[in-house]
Amino acid sequence: AVFIGIKLISRKKVSKDVKVDKEAFLKKIEKFDLNDEERNALLYILEKGGRASQAEVRNALGLPKTTAWRMFKRLEKQGLVKIIRGRKENWVELRP
């Protein structure tokens, strides 16, 4: 019973509130050499309040799963997003 309690407490939680200043973030992404897919993904996440599931973004933009995964990894390396790995799905948060 103790093990189950510890397991439940240690689960990663996706934060509900992502504080992103839209204008500041738009200026920030202008400094990067982003392709259309990357820019559209960031704008989509921004419109969703700064956080969205990878599947949601992928479906909205019509991207294959592998293409989307590689794109999010590139954006994470550039410091524009944070990928949060969940049990059933991954989430992407903008990094202000």
Fill in the blank from the handout: Surpassing 22 Å at the alpha-carbon level, of the pairs Lys19/Lys48; Lys31/Lys88; Lys28/Lys73, are Lys31/Lys88
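If you take the square roots of the eigenvalues of the alpha-carbon gyration tensor of region 14-94 and sort them as a ≥ b ≥ c, do you get rounded (a/c under 1.5), prolate (a/b over b/c) or oblate?
Values: a/c = 1.61, a/b = 1.16, b/c = 1.38.
It comes out oblate by the Cα gyration axes.
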Handout entry: Net lengthening on full extension, Lys73/Leu43 (0.36 nm per residue, minus Cα-Cα)
Key = 9.1 nm
Handout entry: In Hz, Karplus ³J(HN,Hα) per residue of region 63-70 (6.51, -1.76, 1.60; θ = phi - 60°; x = Gly, Pro)
Key = 9, x, 4, 5, 4, 5, 4, 5
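Show me the ranking of peptides 41-48, 53-60 by mean Cβ neighbours inside 10 Å, starting with the highest.
41-48, 53-60
None of the figures in this text is laboratory data; all of them are computed from the coordinates on show. Bear in mind the structure is a predicted one, so any value in this text is a computation, not a measurement. FYI the Cβ positions are ideal-geometry reconstructions off the backbone, even for glycines, and counts take in every protein chain you see.
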